[in-house]
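Chemist: Supplied in structure tokens, the structure appears directly below.
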2 protein chains.
Amino acid sequence: MRAEVNVLPEVLVTGFDTVDVRFPTSLALDGSDAMNQAPDYSAAYLVLRTSAPELEGHGFCFTIGRGTEICVEAIRALAPMVVGEKAEDLFADMGGLWRRLVGDSQLRWLGPEKGVMHMATAAVVNAVWDLYAKARRKPLWKLLVELTPEEIVALVDFRYLTDALTPEQALALLREREAGRAEREARLAAGGYPAYDTSPGWLGYDDDKLRRRCREAVDAGFTHVKVKVGGSLEDDRRRLRIARDVLGPDRGLMLDANQVWSVPEAIAWMAELAPFEPWWIEEPTSPDDVLGHAAIARSVAPVRVVTGEHAQNRIIFKQLLQAGAVAACQVDACRLAGVNEVIAVLLLAAQFGVPVCPHAGGVGLCELVVHLSAFDYIAVSGSLDERMIEYVDHLHEHFTEPVRVVGGRYLLPRSPGYAAMTPRALADHRFPDGPVWSSG
Amino acid sequence: MRAEVNVLPEVLVTGFDTVDVRFPTSLALDGSDAMNQAPDYSAAYLVLRTSAPELEGHGFCFTIGRGTEICVEAIRALAPMVVGEKAEDLFADMGGLWRRLVGDSQLRWLGPEKGVMHMATAAVVNAVWDLYAKARRKPLWKLLVELTPEEIVALVDFRYLTDALTPEQALALLREREAGRAEREARLAAGGYPAYDTSPGWLGYDDDKLRRRCREAVDAGFTHVKVKVGGSLEDDRRRLRIARDVLGPDRGLMLDANQVWSVPEAIAWMAELAPFEPWWIEEPTSPDDVLGHAAIARSVAPVRVVTGEHAQNRIIFKQLLQAGAVAACQVDACRLAGVNEVIAVLLLAAQFGVPVCPHAGGVGLCELVVHLSAFDYIAVSGSLDERMIEYVDHLHEHFTEPVRVVGGRYLLPRSPGYAAMTPRALADHRFPDGPVWSSG
């Protein structure tokens, strides 16, 4: 059927290029928080070349400066696994491709399924998805929502998940949601997907900038704004007073501690911040600490506890859900190993009735996750209740299709593919020899 | 006091070299199991150079072939943090060094505290410990057991641990164990530390080799032997029948599934293997699955559940202990970020009354962990009950002081330092240009 549209039977993946691309964001303290004082938003970037003229697959993982070269090295170890393959063979078994990449018996030792190796896997997996969507001349979200429930289930590796979600349960869930797909797609096309704004509250911004940017967020139509906390309690109280003052009592004020606390500290600190009626506290402690998040969640209710931008894989999300530790899953599009594993978490979250509110910002994360949330709403969760995509207002100009956020809502992407930087952005910000870094 | 012995006030760390060193172990299927079909035991190796003649610090992380170059790249990103430092300044604050290495705000994004970055951190941390012990002309275990309880506590980063173990609790525990240190050291010096043998049971060995090697283990004095399982149930039954036949009813038969099962599979499979009365089942599922291990432990009791060779950091061990998920912690000397983090886990385990039975084998792991277990017994746990160090009988000849296992017990190391390969081993096995790889 649709598989016969734009099929490329003879196209091969012929090779790949990698780029270490870094943006000097630390100069303005954009992105500063209690753990990450001065990030240079960066990406370990992969371009898959094919035998078809101008058809390339782009993928990347997001990093914050030093160490991007390590992810590039990891991509170089993985990408040869798709070179020489027929593009259509890859597209026909994206689930099998994911398992091969994650399952290489020697590379697996370096994880398994976490950190540098998993982020590099994301770059490769997402580059193939980008290629697939471009070949079909569709934005990724559209390619995904046209898959059948059976095809979606086949994308997911259920190893380590079946105590929480079996393939049969996932299939039943997707079939149940099949009915309203067209209606929900039309609704998204008309109204967009809700966003919240993280731009106002970086820890390195002074009070005036915090106040001005909260005001701008309200004026732009955002109903929820996030502020970084965890540096000092006194500063937090002063900053939250400013933010709450601008937001008024009815807008949501999210807090983000970026992992700086131990469990008892998180509980004590949040007791002090409770009067500001936070919508959620994000990353109160180590992203590895499932039991710790569960303990914090019990103590700080009704404030929601959320985490996920550093949750390393679907197994951590499974446990966060099993333990009742989180009120939302903040999946990261390229810390999880690409589209396939994000879909695994979307299915788990739907099974537990918990919203997915993707981590975004950085460089390119907004461009990626809008596809994933659109798919989630249309095919998996079927709901927008308490669902929002993070939004940060920088570095979008470096993408071939920058996200469009209007009235506090993400509009659906229209260009074929997943997300790709412009050739100019890649050339200018190449580290250490691009003009941004080498000119004095 | 002792700090004035062999102090090197003017010595600087002047630079470093890295080596990608690989041993072609896959040729004989040594090390083969259900997950790792054909490993080439390898190491990303670091040599810290100093301004003192012939004084070097060696550290490495263990890998199994492909991807070793990624760990080397990660070591190169971290090692500059110790270059230019005075050696004595590093020795005087090993806890601070650990926190600086783990806490670099840009590199931390690539973990945090897990996988490639954490393994590379282990190489750097352990290289400084090797340097420290060589400077003091003592084997590492001896350097450690001469630290005061206060000095030991200062080595540990308690962030993320205080809900299970506070510095004060750790101090109390160490003080309580201070009394018997000399007696326990004398006992180890006389009788060694118990070992178990993993050499007989690799999945790639045929039945005759399994039987012969079990017999050799019994003859060598081992009381416990480990066999790999999880490939096929029929094979497992046949192989366990052989092993149990040779071991008799009273020796311990350990099983190791190397993570191949989901939780329900692990429970069902182990029900089938229960008649062989296993001592433990190791790595029944993903090392990230704390709740899964707890569920399996409840189902397979009285068979012990253990894991740890892939447990990424102290936060996972903390939860495994909190959840009652493991009967022993199988710390890995260079997947945890070196000596400091292993000590954190030794303290946690002692607090919960759970034995630490280190992962060993690979290349160099036996040489490393004998120091850690000696320290554990003398200063932390104070007990040998159900404590054993894994032993595998290959690649020891490549170390300056190969471990000595006699009558099924590890003897205490005598040479100054931690563990280091010979210059010959490094030169011959350098990948891809050493003679072992480039000739022929």
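Chemist: Being within 14 Å of another protein chain (Cβ to nearest Cβ), on the phi > 0 side of the Ramachandran plot and in contact with a helix residue (DSSP H, G or I) (Cβ under 6 Å, 6 or more places away or on another chain) is the requirement here; does A:G111 meet it?
Modeler: no
Chemist: All but one of (1) surrounded by fewer than 22 Cβ atoms within 10 Å (Cβ to Cβ); (2) at pLDDT 95 or above hold for A:Y205; which doesn't?
Modeler: (2)
Chemist: Could you give me the residue pairs with C-beta distances under 6 Å whose first residue belongs to the range B:372-394 and is among the aromatic types (F, W, Y), whose second residue is outside any loop (DSSP other than H, G, I, E, B) wherever it lies, and which are 6+ apart or on separate chains?
Modeler: B:F375/B:W141; B:F375/B:L144; B:F375/B:V145; B:Y377/B:R184; B:Y391/B:A195; B:Y391/B:D197; B:Y391/B:V405
Chemist: Could you run through the range B:187-246 and say how many residues are within 28 Å of B:A268 (Cβ to Cβ) and of a type in the set (A, V, I, L, M, F, W, C)?
Modeler: 12
Chemist: Moving to a separate point now. Just name the residue that is nearest to the other protein chains (Cβ to nearest Cβ) out of those in the range A:157-172 that are among the charged types (D, E, K, R) and under 15 Å from A:E341 (Cα atoms).
Modeler: Result: A:R159.
Chemist: Within the range A:143-158, does at least one residue satisfy the condition of being surrounded by fewer than 24 Cβ atoms within 10 Å (Cβ to Cβ) and in contact with a Ser or Thr (Cβ under 9 Å, 6 or more places away or on another chain)?
Modeler: Among the residues of the range A:143-158, at least one is surrounded by fewer than 24 Cβ atoms within 10 Å (Cβ to Cβ) and in contact with a Ser or Thr (Cβ under 9 Å, 6 or more places away or on another chain), which makes the answer yes.
Chemist: Continuing with the same structure: What is the number of the single condition among (1) in a helix (DSSP H, G or I); (2) within 7 Å of chain B (Cβ to nearest Cβ) that A:D288 does not meet?
Modeler: (1)
Chemist: Can you find, within the range A:327-353, the residue that is nearest to A:T63 (Cα to Cα) among those that are touching a Leu at 6+ places or on another chain (Cβ under 7 Å) and of a type in the set (S, T, N, Q)?
Modeler: The extreme case among them is A:N340.
Chemist: Then there is this: Of the conditions (1) within 14 Å of chain B (Cβ to nearest Cβ); (2) closer than 22 Å to A:F158 by Cβ; (3) more than 9 Å from the chain's Cα centre (by Cα); (4) part of a loop (DSSP other than H, G, I, E, B), A:D332 clears all except one; give me its number.
Modeler: It is condition (3) that A:D332 fails.
Chemist: What pairs can you find where one residue is in the range A:71-85 and free of Cβ contacts under 8 Å to residues at least 40 places away in the same chain, the other is of a type in the set (D, E), and their Cβ atoms are less than 7 Å apart, with a gap of 6+ or different chains?
Modeler: Qualifying pairs under 7 Å: A:E73/B:E69; A:E73/B:E73.
Chemist: So B:P194 clears everything in (1) modelled with pLDDT of 95 or more; (2) over 17 Å from B:V405 (Cα atoms) except one condition, right? Which one?
Modeler: Of (1) modelled with pLDDT of 95 or more; (2) over 17 Å from B:V405 (Cα atoms), only one is false for B:P194: (2).
Chemist: Continuing with this model, one more query. If A:M270 meets every condition in (1) under 16 Å from A:R237 (Cβ atoms); (2) under 23 Å from the mean Cα position of the chain (by Cα) apart from one, which number is that one?
Modeler: Among (1) under 16 Å from A:R237 (Cβ atoms); (2) under 23 Å from the mean Cα position of the chain (by Cα), A:M270 violates only (2).
Chemist: Here is a further query. Exactly one condition in (1) surrounded by 13 or more Cβ atoms within 10 Å (Cβ to Cβ); (2) over 24 Å from B:A344 (Cα atoms); (3) more than 24 Å from the chain's Cα centre (by Cα) is not met by B:S199; state its number.
Modeler: B:S199 satisfies every listed condition except (3).
Chemist: Of the residues in the range B:12-33, how many are over 17 Å from B:V392 (Cβ atoms) and in contact with a Leu (Cβ under 9 Å, 6 or more places away or on another chain)?
Modeler: Result for the range B:12-33: 8.
Chemist: Suppose we filter B:A127, B:A154, B:A133, B:A122 for residues that are within 14 Å of another protein chain (Cβ to nearest Cβ) and among the small types (G, A, S); which single one remains?
Modeler: B:A122
Chemist: Related question: Does B:V306 meet the test of being away from chain A (no Cβ under 14 Å), outside any loop (DSSP other than H, G, I, E, B) and either buried (at least 24 other Cβ atoms within 10 Å of the Cβ) or touching a helix residue (DSSP H, G or I) at 6+ places or on another chain (Cβ under 6 Å) (or both)?
Modeler: In short, yes.
Chemist: I would also like to ask the following. Any residue at all in the range B:338-358 that's in a strand (DSSP E or B), in contact (Cβ under 8 Å) with a residue 12 or more places away in the chain and under 22 Å from B:Q169 (Cα atoms)?
Modeler: yes
Chemist: Testing B:H293 on (1) within 12 Å of another protein chain (Cβ to nearest Cβ); (2) over 13 Å from the mean Cα position of the chain (by Cα); (3) surrounded by 21 or more Cβ atoms within 10 Å (Cβ to Cβ); (4) not in a helix (DSSP H, G or I), one condition comes back false. Which one is that?
Modeler: Exception for B:H293: condition (4).
Chemist: Scan the range A:131-154 and tell me whether some residue there is within 19 Å of A:A44 (Cβ to Cβ), in contact (Cβ under 8 Å) with a residue 60 or more places away in the chain and not polar (S, T, N, Q).
Modeler: Yes, the conditions are met somewhere in the range A:131-154.
Chemist: Continuing with the same structure: Can A:I343 be described as away from chain B (no Cβ under 14 Å) and either more than 20 Å from A:G231 (Cβ to Cβ) or buried (at least 24 other Cβ atoms within 10 Å of the Cβ) (or both)?
Modeler: So A:I343 fits the description; yes.
One line per residue, one yes/no per condition, for (1) surrounded by fewer than 20 Cβ atoms within 10 Å (Cβ to Cβ); (2) touching a helix residue (DSSP H, G or I) at 6+ places or on another chain (Cβ under 9 Å); (3) farther than 30 Å from A:E216 by Cα; (4) not charged (D, E, K, R):
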| position | (1), (2), (3), (4) |
| --- | --- |
| A:E390 | no, yes, no, no |
| A:L395 | no, yes, no, yes |
| A:Y418 | no, yes, no, yes |
| A:P423 | yes, no, yes, yes |
| A:V436 | yes, yes, no, yes |
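Chemist: Further question on the same structure: Has the range B:399-413 got at least one residue that is in contact with a Ser or Thr (Cβ under 8 Å, 6 or more places away or on another chain), surrounded by fewer than 24 Cβ atoms within 10 Å (Cβ to Cβ) and among the polar types (S, T, N, Q)?
Modeler: Scanning the range B:399-413 turns up at least one residue that is in contact with a Ser or Thr (Cβ under 8 Å, 6 or more places away or on another chain), surrounded by fewer than 24 Cβ atoms within 10 Å (Cβ to Cβ) and among the polar types (S, T, N, Q).
The values are calculated or read from the model by the stated rules, or taken from the named source; none is laboratory data. Small disclaimer: the values here were computed from a predicted structure and weren't measured. With ideal geometry, Cβ positions are generated from the backbone for all residues, glycine too; neighbour counts draw on all protein chains shown.
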